[in-house]
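Before any comments, here is the structure.
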Amino acid sequence: MDAYVPILVLGALAAAFAVGSVAIAPLTGPRRYNRAKLDRYESGISPSPLPDGGGKVSIKYFFTAMMFIVFDIEIVFLYPFAVAFDQMTWFAVFAVMLFLVNITIAYAYEWRRGGMEWT
């Protein structure tokens, strides 16, 4: 258990910092709201007017975010494989290859649906 104490202390410090930051932000932040600050933001482009009751948001924003998450998770899982490749058993190599096949199928599906075109 002594080996885990530094990890637990670091986790407790991180949690305390996160909770403390969220708790103190309303007390220390500026309260000067104006029309420009409350208006929605679209990547530096002047926002287009919304119809009454809201409007449509392009689904491509969400697809891009999901693709980023898939890329990110793939890297997280492949890095330990690359580091310990020479010490792995055949079962582990097969498991990683199965993971790569699944990711490749997901990428092929996304590509065929046009999710990788930025126009």
By how many nm would the segment from residue 104 to residue 87 grow when fully extended, if each residue of separation counts as 0.36 nm and the alpha-carbon distance is taken off? 3.6 nm
Please compute the volume of the convex hull spanned by the alpha-carbon atoms of region 54-119 and report it per residue in Å³. 92
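Coordinate-derived values only; no laboratory data. Everything numeric here is computed off the predicted structure, so don't read it as measured data.
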